[in-house]
1. Within segment 95-109, restricting attention to residues that are touching a residue at least 24 places away in the same chain (Cβ under 8 Å) and assigned to a helix (DSSP H, G or I), which residue is most open to solvent (accessible area, probe 1.4 Å)?
2. Are any residues in segment 5-35 open to solvent by less than 50 Å² (accessible area, probe 1.4 Å) and either among the polar types (S, T, N, Q) or assigned to a loop (DSSP other than H, G, I, E, B) (or both), and if so, which ones?
3. Can you tell me which of (1) among the charged types (D, E, K, R); (2) in contact (Cβ under 8 Å) with a residue 24 or more places away in the chain; (3) open to solvent by 40 Å² or more (accessible area, probe 1.4 Å) is the one ASP2 doesn't meet?
4. Out of (1) open to solvent by less than 40 Å² (accessible area, probe 1.4 Å); (2) touching a Lys or Arg at 6+ places or on another chain (Cβ under 6 Å), the odd one out for TRP38 is which?
5. Do we find a residue being open to solvent by 40 Å² or more (accessible area, probe 1.4 Å), within 28 Å of LYS141 (Cα to Cα) and in contact with a strand residue (DSSP E or B) (Cβ under 7 Å, 6 or more places away or on another chain) anywhere in segment 73-94?
6. Collect the residues in segment 41-57 that are buried (at least 16 other Cβ atoms within 10 Å of the Cβ) and assigned to a strand (DSSP E or B), keeping them in residue-number order.
Amino acid sequence: DDGFQDAVENAVPELVSRKIYATFFLTVDALGKPADWWPVTDPERNRSLATAEQLRLTPREWIRFGAHTMTHPRLSSLAEADARYEILEPRNRLESLLGCEIRSLSFPYGDFNDNVVRWSREAGYERAFTTQHQKAFEHPKPFLVGRVKAEPTDWRLEFRLKLLGGYVWLPYAIALKRRLLANSVVSRIRLGSPVAKNSAVQG
């Protein structure tokens, strides 16, 4: 995701030498610029994205490109017109800029809702990728595909578990945690928080 310059410079030669296919998802308005949507304390904020010229020079038989919106927003938080622009425009722009067909889209932050998925289909993408952990390619032609992030700091066992689907349980755990937290908040509102009660007694 993003299309960092150092990933193109360092990862592409290694991928090609090992005959591994890869897709770079590009944030169009930031090509050749720093990734300023990252937190100030994160080193990625000071890394520059690859330029269009660098991307045009990559070996197309191994490296493909997908869209990662225009400006890297949280798509589910946008008005429909803005979200549709962020979804459709990068496809048009990249096809013109790089001279290749753009068939896939990656949601920034892995963020999406039902409308975002529908608008992505209507924009003509064949697949959309998120960071939700789920089994990939269970169906012949899946539209929404989950991914697991691999890090250089992963232990060998951790990396192997990721490859084998050992993290598929994570979205269910996250969903359960959200439900429990939501129920806890509702219960506190109904019963009155300890802070509110103490304040009333002191008043």
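The values are calculated or read from the model by the stated rules, or taken from the named source; none is laboratory data. What you are looking at is a predicted structure, and each value in this text was computed from that prediction instead of being measured. Glycine gets a Cβ as well: all are built from the backbone with ideal geometry, and neighbour counts include every protein chain shown. Ligands, DNA and RNA are stripped out before the accessible areas are found, and what is left, the full protein with its side chains, is counted by its heavy atoms. Shrake-Rupley method; radii C 1.70, N 1.55, O 1.52, S 1.80 Å.
1. TYR109
2. Result: THR27, LEU31, GLY32, ALA35.
3. Only one criterion in (1) among the charged types (D, E, K, R); (2) in contact (Cβ under 8 Å) with a residue 24 or more places away in the chain; (3) open to solvent by 40 Å² or more (accessible area, probe 1.4 Å) is unmet by ASP2, namely (3).
4. (1)
5. Within segment 73-94 (the criterion being open to solvent by 40 Å² or more (accessible area, probe 1.4 Å), within 28 Å of LYS141 (Cα to Cα) and in contact with a strand residue (DSSP E or B) (Cβ under 7 Å, 6 or more places away or on another chain)), the answer is yes, since at least one residue qualifies.
6. LEU49
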